[in-house]
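Derivation of every value follows stated rules applied to the coordinates shown; laboratory data play no part. Bear in mind that the values here come from a model prediction, so they are computed numbers and not experimental data. A quick note on method: Cβ atoms are made from the backbone with ideal geometry, for glycine too, and the neighbour counts reach across all protein chains shown.
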Amino acid sequence: MPTPPATELFDTGLDRLEAEGLYRRRRIVGPHAGLGPAELVVDGRRCLAFCSNDYLGLARDPRIARAMAVAAGEWGAGSGAAHLVTGHTTEHHALEEELAEFTGFPRTLLFSTGYMANLGLVCALAGRGDLVVEDRLNHASLIDASRLSGATVRRFAHADPAAAARRLAADARRKFIVTDGVFSMDGDAAPLEALAGVAAEAGAGLLVDDAHGLGVVGRHGRGSLAAAGLAPTSVAGLVGTLGKAFGTFGAFVAGSEALIETLIQRARTYIYTTAPPPPVAAATRVALAIAREEEWRREHLAMLVTRFRTGAGALGLRLASSTTPIQPVIAGDAHAALAAAEALLDAGLWVTPIRPPTVPAGSARLRITFSVAHQPADIDRLLAALASIPALRGEFPA
Ligand SMILES: Cc1ncc(COP(=O)(O)O)c(C=O)c1O
């Protein structure tokens, strides 16, 4: 029997996605040699990028790249197996200890990605009979994690602690509040202090994914908990990623001794996968030291954000209430976001259009991000290009 054509096996829906402006396409990035620190060659065109999560400008830092190369000479390219087999080297272990010291938690546990850390954490703690309440704008990996856990899931209105408290008022064996620390597509901060209060009141555990806060906000870049004045004991677990502000790759969960031992026994995305390459761990150790010591990077970022928001406000662009390097400009319609991104690319500026289902329908946007690699003149160039796109201005919705 011949294999049936794909169109009979599943609904591809590709034509519909194209018609609705929701089709996703990858762009191909070339090598960086000879380019400025924030420049990329995209589909053969040289441009200034405003869409990476490399907030501290560490992804191309020669000290970190050198550490990776030296460690590759010592360790080879791969870890060979999962952490519970041959994969957990002295580099991984030292990084876990340094991350614990940095975040102030008793222990941390490395995961291969942030997506896997969220799945591993939520699914190890919550299950059938439990209740997970989560912010409706949480990252997709948290949404998937809660679904996969088998717990009852209730979403609450964005950044609304009173709504979270209402959702918690149901019978359940165990209860959890799950939230981004800094929201990935909006850049605003979760009301962590209030959520910690709601969690304590309801006897719920608070789980925070600080993928976009660590390294960026709080003193020494200690993240959203530090920025909110919360002690590590206020939360049941914290997720951090290493592929954003720290410029390398991977993720970790920080928590108590009991939490980390529980994850080692139960987190399937930890147990059943290959450990990150040792050179990645070695490079991340250097990145972490730079991120915490070089306070000027956060000062530079704050200056860029202020310059952008002042200029964008004067232009009447539709901004979000964010003080972080994530500065979305709302287009509303998916086609409008796509067209705006194309216009920017024609001007040599790369910004990704973010459309549903990543963001709610009607709130498609340009997700503009800043990096220490940018200079004030780069912001001015971006503002000048944004000024020429009328669809980004005016009252919302357009
Ligand atoms: C809030 C948040 N959590 C988790 C992740 C996933 O992290 P990773 O890219 O390491 O899988 C991302 C983005 O990728 C994110 O924005």
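Observations
- Estimated Rh, region 32-184: Kirkwood, alpha-carbon pairs, angstrom: 19.0 Å
- Taking a sphere under 13 Å around the Cβ of Thr284 and counting the other residues whose Cβ falls inside, with K and R at +1 and D and E at -1, yields a net charge of -1.
- Along each principal axis, taking the top coordinate minus the bottom one, the Cα set of the chain gives 64, 55, 53 Å in descending order.
- In a simple Cβ point-charge model (Lys, Arg +1; Asp, Glu -1; nothing else charged), the chain has a dipole of about 280 debye relative to its Cα centre.
- Approximating the spin labels as points 7 Å out from Cα along Cα→Cβ, the Arg266-to-Ala343 distance works out to 5.2 nm.
- Within the chain, antiparallel bridges make up roughly 60 percent of the DSSP beta bridges whose residues both belong there.
- In the chain, helices alone account for a calculated mean residue ellipticity at 222 nm of -12000 deg cm²/dmol, with every DSSP H run of four or more residues adding -39,500 (n - 2.57).
- Segment Glu74-Met303, length gained on full extension (0.36 nm per residue, minus Cα span): 78.4 nm
- Candidates Val286, Val216, Val182, ranked by Gaussian network fluctuation over the chain, Cα under 10 Å, top entry: Val286
- Sites Leu84 and Arg128 - FRET efficiency at Förster radius 22 Å, r taken between beta-carbons, to 0.05: 0.25
- The label point for Arg219 and the one for Arg45, both projected 7 Å from the Cα toward the Cβ, are 4.6 nm apart.
- With contacts taken as Cα pairs under 8 Å and at least 6 residues apart, the chain reaches a relative contact order of 21 percent.
- Within a Gaussian network of the chain (alpha carbon springs, distance under 10 Å), most fluctuating of Gly243, Gly13, Gly221: Gly13
- Between Gly87, Gly237, Gly129, the residue with the greatest mean-square fluctuation in the GNM of the chain (Cα pairs under 10 Å linked by springs) is Gly129.
- Size of charge dipole - region 157-266 - debye, nearest 20, with Cβ of Lys, Arg +1 and Asp, Glu -1, no other charges: 180 debye
- Around Ile260: net Lys/Arg minus Asp/Glu count, Cβ-Cβ under 10 Å: -2
- Counted by Cβ distance under 12 Å from Leu125, the other residues give a net charge of +3, where Lys and Arg count +1 and Asp and Glu count -1.
- Cα-only Debye scattering, region 101-160: base-10 log of I(q)/I(0) at q = 0.22 Å⁻¹: -0.90
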